[in-house]
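The values are calculated or read from the model by the stated rules, or taken from the named source; none is laboratory data. The model shown is predicted, which means the values in this text are computed figures rather than measured ones. Please note: Cβ atoms are built from the backbone with ideal geometry, for glycine as well, and neighbour counts cover all protein chains shown. Keep in mind that these areas ignore ligands, DNA and RNA; they rest on the heavy atoms of the full protein, side chains included. Shrake-Rupley method; radii C 1.70, N 1.55, O 1.52, S 1.80 Å.
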There are 2 protein chains.
Amino acid sequence: MRKMFALFLSLALALSLAVPAASANAAPDNQNRKDNLHVQVVLFDGFDLLDALAPYEVFTAAGMYSGDKVTVELVSAEGKRSVPSGLGGPSLEAKSKLDPHQPGIIVVPGAAGKPAGNTPDTIPNLLWKAKQTSLTSMIKQAMNDKEVTVATVCGGSLLLAMDGLLKDRHAVTNPIGMAALSAAGAIPVEARVVEDGPRLVSGGGVTSGLDVALYLVERELGPQIANAVENLFQYEQRGTVWKAEGTAPIDFFKNTAVK
Amino acid sequence: MRKMFALFLSLALALSLAVPAASANAAPDNQNRKDNLHVQVVLFDGFDLLDALAPYEVFTAAGMYSGDKVTVELVSAEGKRSVPSGLGGPSLEAKSKLDPHQPGIIVVPGAAGKPAGNTPDTIPNLLWKAKQTSLTSMIKQAMNDKEVTVATVCGGSLLLAMDGLLKDRHAVTNPIGMAALSAAGAIPVEARVVEDGPRLVSGGGVTSGLDVALYLVERELGPQIANAVENLFQYEQRGTVWKAEGTAPIDFFKNTAVK
C-alpha cells in the first residue's frame, strides 16, 4: 500500500512537472515582437567592462536562444579600434563605427575608475574625456531617431547628462552619481531600471546592466527568451522597471525640512 | 511646537545615521587578513566573458578600495596571447602564463556556447577542447599547493571534473551541467557557492561568479571591502556558501523511489 502511494505520488509529481513544461513550449505570441533586433554596445576609453559586457552577453544569449533574431556588436564612435577599459583593465576590439541611425538598441556603459579624486583615473575625469569625443553628439542623433532605443548603464547616464541629453528626462545612474545627474538637469529616479519613454532606458550601478538588458529582451522578444537567459545565467530581473505612468506615490517629504 | 518636533525628528534622524557611519569607519581587525592577494583569471579558447570578467572586476574594485592590496591579471596556460571568448565574442589579452604555484587565487571560468548539440560551438565541446591543453594539469598542480585557492565559475567546475580533479569533492556548476558533474565523480551540491575546503570554491551559473569573488574578498580581506564593492556594483552576495561543516539536513528522499 505504501509502495502504491509512493508510485501515485511520483506520478502526480511527474504530471505536475510535465504540465508547466508543456505550456512553456507553447508557440509564442509574436504580436509586437521583433523578428530582428540589432544591438550596438558602445566602447570608449576607460569604459567599465561589466557595464558593457553584461548586456552584451545577455543579448548574445538571447540571440542564441532565438535562432539569431538578435545580433550584437561592439562599436566605438571612432570606428574599428582596440578600446582600453578603465582601471588598467583589458582592451576590447570595437568591430565598427557606431551607427546612430541603425534601428535597434544602443547600449552606453559607464567608466571604471576611482569614484572621486583629482587623478586622471577617476570616473568623472574618464566621462569628461569621453564627452570630448564625437560619442555624445552621435547619441543625440540616435535619441532623435524613432527606430532607436538608447540604453545606459551606470555612469553611461551621466555621460549623456553631462552633454545635456537628459535634460528633464527621468533617469538613474550609480548611487554615487545621482546628485551629479540631478545637477545636470535630469530627473533622478531611485530604481534599478528607469524607462523615461520607450526609447530611453537607464540602469543604476554596474550589475543593473543585467536588468536593463533582460528587460529589453523581454520587451522586444517576449518573456520566454528572457526567462531562458535568466535560467542560463542564474540571474532573475530585479526591481520594478520605473515608468512615467500609473499612480504616482505621495511624496511625504515634500515641503518639509527633512528630505 | 510642530516646528520644534520636526527639528527634533531631524536631529534624531541625523544622529541615528551618524552612529552606524562612525562604526563603519572603525579600524578593521586585520587578524587573518591578507596584506596582499594575487588573483589569476585563466582564459582559454571559448571562455565565457562574464564568468571571467565578473570576478576580475570584483577583485579589481577590491584592489582599488584596499589601496592595491589585491592585484589581478588575466593569464592563459600558454602564456601571453589573445584569447577568443565563446559564441564569436571579443578576444581578451592574457598578459602572462598561469603560474600554478603563485600564492593566491586562480579563477577558472566556463565556456560560452550552445548548451547542447553536435556542433563545435557547444559548451561540452569547448570544455573538451580546453581539457586537451595543459590547463587542467596546471590546475592539478595548483590544487596540490597549500598557498593556492582554486575557484571555478559555471562550466569551470566541469572542466576540472572532466579531468578527474573533482573526484569525491563537493562542487556546483550551471544547473544544466549538474548531472555531468556527478557522472564525472564529483559530489554535486545545489548552492550558489560551494566551498569544499578553503582551497576549492565553486560557483553555479554565470552570474554566481560575482558571489564567488565577493565571498573570497570577504574571506581574504574582510567584510568592509566586500561591502564597498557591493555598494559600487549594486549587487549583494546571494545564497549561503555551502561548506562541509555544521549540522547536515535530513535527506527526506533517501531510500525512496521518488528523488
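By the rule of a C-alpha distance below 19 Å, with chain neighbours fewer than 8 residues away ignored, the lysines paired with residue B:254 are A:3. The reciprocal of the average 1/r between distinct C-alpha atoms defines the Kirkwood hydrodynamic radius, which for the protein assembly as shown equals 24.4 Å.
Going 7 Å from the Cα of residue A:69 in the Cα-to-Cβ direction, what parts of the range B:97-134 have a backbone nitrogen less than 12 Å from that spot? Taking a point 7 Å out along Cα→Cβ of residue A:69, no residue of the range B:97-134 has its backbone N under 12 Å. In the context of the full set of protein chains, the protein assembly as shown has a per residue accessible area of 48 Å² (1.4 Å probe).
With both labels modelled 7 Å from their Cα along Cα-to-Cβ, the residue B:251 to residue B:80 distance reads 5.1 nm.
The modelled label-to-label distance for the pair residue A:244/residue A:140, using points 7 Å beyond Cα in the direction of Cβ, is 2.0 nm. Which pairs in the list A:80/A:140; A:243/B:114; B:131/B:243; A:114/B:146 are over 29 Å apart, alpha-carbon to alpha-carbon? Result: A:243/B:114; A:114/B:146 exceed 29 Å.
Size descriptors for chain A (Cα atoms only): Rg and Dmax, in that order, 21.1, 79 Å. Helix A:2-24 axis versus longest C-alpha principal axis of chain A: approximately 40°, rounded to the nearest ten.
Give the angle, between 0 and 90 degrees and rounded to the nearest 10, that separates the Cα long axis of helix B:208-221 from the longest principal axis of the Cα atoms of chain B. For helix B:208-221, the angle is close to 60 degrees. By the Kirkwood approach, averaging reciprocal distances over each pair of separate Cα atoms, the range A:90-136 gets a hydrodynamic radius of 12.7 Å. Applying Stokes-Einstein at 25 °C and 0.890 mPa s to the Kirkwood radius of the range B:122-172, computed over alpha-carbon pairs, gives a translational diffusion coefficient of 217 µm² s⁻¹.
Taking Cα atoms only, the orientation of helix B:49-65 departs from the longest principal axis of chain B by about 40 degrees. Counting from the shortest, the label point at residue A:253, 7 Å from Cα toward Cβ, is 4.8 nm from the same position in each remaining copy.
For the rotational copies A and B, the chain A residue with its Cβ nearest the relating axis, together with that separation in Å, is A:53, 3. Surface burial for A against B, with a 1.4 Å probe and both sides summed, reaches about 3000 Å² of accessible area. Sorted shortest first, the separations between the residue A:79 label point and its copies elsewhere in the assembly read 3.5 nm; each point sits 7 Å from Cα along the Cα-to-Cβ line.
Let me know the Kirkwood hydrodynamic radius for the range A:49-120, please, with Cα pairs as the basis and the value in Å to one decimal. For the range A:49-120, inverting the mean 1/r across all distinct Cα pairs yields 13.7 Å.
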